[in-house]
1. Just checking, how many residues over the stretch 73-103 are surrounded by 18 or more Cβ atoms within 10 Å (Cβ to Cβ) and either assigned to a loop (DSSP other than H, G, I, E, B) or modelled with pLDDT under 95 (or both)?
2. Residue 214 is checked against (1) part of a loop (DSSP other than H, G, I, E, B); (2) surrounded by fewer than 17 Cβ atoms within 10 Å (Cβ to Cβ) and fails just one. What number does that condition carry?
3. Within the stretch 50-69, is there a residue that is assigned to a strand (DSSP E or B), surrounded by 16 or more Cβ atoms within 10 Å (Cβ to Cβ) and touching a residue at least 24 places away in the same chain (Cβ under 8 Å)?
4. With the requirement that a residue be out of contact with any strand residue (DSSP E or B) (no Cβ under 6 Å at 6 or more places or on another chain) and either within 18 Å of residue 233 (Cβ to Cβ) or in contact (Cβ under 8 Å) with a residue 40 or more places away in the chain (or both), what does the stretch 175-185 give you?
5. Restricting attention to the stretch 128-147, does a residue exist that is part of a loop (DSSP other than H, G, I, E, B), over 24 Å from residue 31 (Cβ atoms), over 15 Å from the mean Cα position of the chain (by Cα) and in contact (Cβ under 8 Å) with a residue 24 or more places away in the chain?
6. Taking residue 240, is it buried (at least 19 other Cβ atoms within 10 Å of the Cβ) and either outside the structural domain of residue 118 (by TED's automatic domain parsing) or not in a loop (DSSP other than H, G, I, E, B) (or both)?
7. Hey, can you tell me all the residues within the stretch 163-185 that are out of contact with any helix residue (DSSP H, G or I) (no Cβ under 9 Å at 6 or more places or on another chain), under 16 Å from residue 9 (Cβ atoms) and not in a loop (DSSP other than H, G, I, E, B)?
8. Take the residues in the stretch 186-211 that are outside any strand (DSSP E or B) and touching a strand residue (DSSP E or B) at 6+ places or on another chain (Cβ under 7 Å); name whichever of them is farthest from residue 146 (Cα to Cα).
C-alpha cells in the first residue's frame, strides 16, 4: 500500500482540545498554521511571562512548565473541540460545553478548566496568545506519526490506543510499523510540500490518559520502554519547501 496522509490535526490551545483538517498550506521553516496559538499560564509560569512581555502578552517562547499540560492533569486529555467560526467551542465529559472568543473571553475558559485542574498544582491564571507558537520545543517543527506504528503498539499493549492522546499534527498510513524512525535526516514529499525529518519525539506522562475519559489507563512510558527499548513515538520534521497538503496525498521519500 502506498503511504498517504491519513489525518491532519491542529490544536489551537496548547494541551486543550484539537480539531481535524482536510488540508492546510505549509510554509518553509514554520510550524503547522494555527497550531498551539494559545496556551494557559499557571501561577508559577507567570514570573517567566511577566519578565518578557509586550502589551500584556509574552513576547518570546516559554517552556512547557509555564502552562497547563496533560502530564500534570490527565483530565485535559479528554477536552475536545476547536474553531467554530471565529470562536472556539470545547467539550469535556464532565463539563458543559463552552464557546469563547479566545482574545476576549480567556477568563471564562480558565474558570471552565479550573475544576479539572489538580488543587495541589500551580493554578491556571490566564489565556495568552503566543509570540511564538506554544509547542514544547523552540524549533519550528511539525510532528509526524504513523497509524501503522500505533496499531503495532496497541497490539503489544493489549489496548486500543487512539490518535488523540498523542496530539500529533500529521498521521501517515502505509509505512511499515516504526519505519519513521529510519527517516531521520531524510526528505519526504507530501502534496506540494517537502519536509526534512529532524528528530524522534520523546514522550511524557500525558500519553498515559484515555482521551475519552481523562483517566489514566496505561503507563505509556513503561510500555514503550518494555516493548521497544526507548520512550519515543513519532518524529519531528521541518518544512523545507512550503505548499498545500491534503488528506490522502501520497507520501514519498
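The values are calculated or read from the model by the stated rules, or taken from the named source; none is laboratory data. All of these numbers come straight from a predicted model, not from anything done at the bench. When we count neighbours, we look across all protein chains shown, and the Cβ atoms used for this are built from the backbone with ideal geometry, even at glycine.
1. 3
2. Unmet for residue 214, out of (1) part of a loop (DSSP other than H, G, I, E, B); (2) surrounded by fewer than 17 Cβ atoms within 10 Å (Cβ to Cβ): (2).
3. yes
4. The answer is 176, 177, 178, 179, 181, 182.
5. Step one: list which residues in the stretch 128-147 are part of a loop (DSSP other than H, G, I, E, B), which gives 130-141.
When the remaining residues are screened for being over 24 Å from residue 31 (Cβ atoms), the result is none.
Checked against the condition, which is being part of a loop (DSSP other than H, G, I, E, B), over 24 Å from residue 31 (Cβ atoms), over 15 Å from the mean Cα position of the chain (by Cα) and in contact (Cβ under 8 Å) with a residue 24 or more places away in the chain, the stretch 128-147 yields no hits at all.
6. Details: buried (at least 19 other Cβ atoms within 10 Å of the Cβ): no; either outside the structural domain of residue 118 (by TED's automatic domain parsing) or not in a loop (DSSP other than H, G, I, E, B) (or both): yes.
Spelling it out, it is not the case that residue 240 is buried (at least 19 other Cβ atoms within 10 Å of the Cβ) and either outside the structural domain of residue 118 (by TED's automatic domain parsing) or not in a loop (DSSP other than H, G, I, E, B) (or both).
7. 170 - this is the single residue of the stretch 163-185 that is out of contact with any helix residue (DSSP H, G or I) (no Cβ under 9 Å at 6 or more places or on another chain), under 16 Å from residue 9 (Cβ atoms) and not in a loop (DSSP other than H, G, I, E, B).
8. That would be 192.
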